[in-house]
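Just below is one structure, and these are the notes that go with it.
What follows draws every value from the coordinates through simple rules; no lab data is involved. Quantities reported herein were computed from a predicted structural model and do not represent experimental measurements. Here the Cβ positions follow ideal geometry from the backbone for every residue, glycine too, while neighbour counts run over all protein chains shown.
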């Protein structure tokens with residue numbers, strides 16, 4: 001652990017994560033290296049190893065931050081509404097993920113690599129936040145649908161969270177992928193993050 005105040009340590013961690021996020025806007029996971037990340041920070045590449053040993057750990061920290069932002073948005077909406085219909089709950093969930101495209105992108109493309117390439121303490125910190133996201137959605141189900149059976153709520157969670165991994169590939173298609181599907185006679189119907197999430201949540205709530 002680097003020497004310095006907790007504030008300085010956190011500020012440098014955030015700078016590294018922000019650098020990774022910036023690169024990820026124009027580069028792929030495979031293209032980004034510790035060296036590339038170091039080139040867009042205010043300190044040396046070697047210093048990064050005081051905070052993260054692999055780029056997978058940096059991406060995992062970025063994913064953790066995205067989960068934290070998603071959780072915060074859900075809690076804010078649920079604090080504002082005492083009741084919700086099924087349509088309103090589906091609308092809330094859909095809008096919350098529509099605003100977190102980067103969360104869905106990282107989940108769908110690099111999740112396994114990030115977890116296997118991170119030290120246990122980094123993975124444990126991420127899992128704490130991931131667990132909080134599950135508890136937050138469950139809290140919404142408990143609040144707005146008290147008559148929903150426990151088994152139905154569990155089914156919602158065990159279906160919706162794996163479903164999230166597939167949202168990004170179905171809603172962001174490159175021109176190369178689109179051309180390939182046309183040549184293969186695949187009848188691709190474009191759906192937005194909002195549309196595909198709303199439809200999934202609504203169906204799960206309807207059993």
_Using a 7 Å offset from the Cα along the Cα-to-Cβ direction at both residue 36 and residue 76, what is the distance between the two label points in nm, to one decimal?_
3.1
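How long are the three semi-axes of the equivalent ellipsoid for segment 99-148, computed from the Cα gyration tensor as the root of 5 times each eigenvalue, in whole Å, largest first?
Details: eigenvalues 148, 43, 12 Å².
Working through the eigenvalues yields semi-axes of 27, 15, 8 Å.
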*Calculate, in nm to one decimal, what residue 128 and residue 189 gain on full extension: separation in residues at 0.36 nm each, minus their alpha carbon distance.*
18.3 nm
_Can you give me the angle between helix 120-144 and the longest principal axis of the chain, using Cα atoms only, in degrees from 0 to 90, rounded to the nearest 10?_
20
*What share of all Cα pairs of the chain, in percent, falls into each consecutive 10 Å distance bin?*
8, 30, 31, 22, 10, 1
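Where does segment 1-51 land on Rg(C-alpha)/(2.2 N^0.38 Å)?
Ratio of Rg to 2.2 N^0.38 Å for segment 1-51: 1.14.
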*By how many degrees, between 0 and 90 and to the nearest 10, does the Cα long axis of helix 193-205 differ from the longest principal axis of the chain?*
50
